[in-house]
Amino acid sequence: MGATLDALHRLQNIETQLRSLRQQIESKRRSVQSRKRRLATLERQTADTRHQIQHAQSEADRLELERKTHEGHINKLREALNRAKTNKEYAAVLTQLNTDKANALRTEDTVLAALNRVDDLKKQEGDRQASLDLERARVGELERASTDLEARLSTQLADLEAQRREATDKIAPEALNFFERACEKHEGEAMAMIVQVHPKRGEYTCSGCHMSITLETINALQSRADAVRTCQTCSRVLYLDAPSDVTAGQSARS
């Protein structure tokens, strides 16, 4: 393997480590954002419940006032009933009194239902407030964990970024361009090993996309140690064998 492919392998190894660390950080950040969205939803729900409580309490107060008004009117009708001087007057007052009593009973039922509604909403508010407090605590924990992780990985990231800059300086612009484009297209996996499908037949595939590789490409890589060839299907940089200092896991991923 030539110097360029060897350098690209080292760059791939650094790129894989960099992306792994960045993904860890990004995963924590996404978890925080997801929890914050849930927290915002709970805050809106709790605020809505408080607004409903205010509205329900106002309605209960209005109905209670109406009930007291009915009660005052009924007391006046009772007094009028006692002062009635004729049977006709007595009957008229009694009819009105009975009507107002029926209305008062209906109002009392409505007041009771309104007060029960207020109680139910207050219980709901209490449950939501408990969930809200718990969610705020979880968000705080996740934010601290995210900050701690970034602090722990910052030195490693800086070191790997420096290694990446140094590694790219040693690679020809055209080869580096192939690598960078494949990185962007395949989430950092820019290189792929060529696999011989059958030991007795000249059939080869790209380990990245599993599509066929021409014999011309194989011959170019075998005859010119520093040749850089890419898969015509997936654009990954192809190689026949990984250098010994690249881990088995790296080779398999490539």
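Values in this text are rule-based calculations from the coordinates and carry no lab data. Here the structure is a predicted model, which means the values were calculated and not measured. Note: ideal-geometry Cβ built from the backbone for every residue, glycine included; neighbour counts use all protein chains shown.
Couple of notes before you dig in:
- Length gained when the stretch LEU81-LYS200 is fully extended (0.36 nm per residue, less Cα-Cα span): 31.1 nm
- In the calculated pair-distance distribution of segment 3-168, the portion above 18 angstrom amounts to 76 percent of the Cα-Cα pairs.
- For segment 39-64, there are no residues whose amide N sits under 11 Å from a probe point set 7 Å from the Cα of ASP133 along the beta carbon direction.
- Near the amide H of THR230, within less than 5 Å, lie the amide hydrogens of LEU238, all on another chain or at least 5 residues away, with H placed in the peptide plane.
- Candidate lysines - alpha carbon under 22 Å from LYS88, same-chain residues fewer than 8 apart omitted: LYS76, LYS101
- With the simple spin-label model, which puts each label point 7 Å out from Cα in the Cβ direction, the THR110 to ASN177 separation comes to 8.1 nm.
- Highest GNM mean-square fluctuation among LEU112, LEU39, LEU176, for the chain modelled with Cα contacts below 10 Å: LEU112.
- Full extension of the chain between THR147 and HIS210 yields a length gain of 18.6 nm, computed as 0.36 nm times the residue separation minus the alpha carbon distance.
- Neighbourhood net charge (13 Å Cβ-Cβ; Lys/Arg +1, Asp/Glu -1) for SER223: 0
- Set of segment 83-102 residues, backbone N closer than 20 Å to the point 7 Å along the Cα-Cβ line of GLU71: 97-102
- Phi angles of segment 44-57 translate, via the Karplus equation with coefficients 6.51, -1.76, 1.60 and θ = phi - 60°, into HN-Hα couplings of 5, 5, 5, 5, 4, 5, 5, 5, 5, 4, 4, 5, 5, 5 Hz per residue; Gly and Pro are given as x.
- Nearest-ten-degree value, helix 173-185 long axis tilted from longest Cα axis of the chain: 30
- Those Cys residues of the chain for which no other cysteine Cβ falls under 4.7 Å: CYS183
- The Stokes-Einstein estimate for segment 173-253, based on a Kirkwood radius over Cα pairs and taken at 4 °C with 1.567 mPa s viscosity, is a diffusion coefficient of 100 µm²/s.
- Straight-line cross-link reach from LYS170 at under 24 Å between alpha-carbon atoms covers these lysines, not counting any fewer than eight positions away in the same chain: LYS185.
- 14 Å beta-carbon shell around SER34, net charge (K/R +1, D/E -1): +4
- Segment 62-148: C-alpha gyration tensor shape, a/c 1.5 cut-off, then a/b vs b/c: prolate
- Cα gyration tensor shape for segment 1-61, rounded if a/c is under 1.5, else prolate or oblate: prolate
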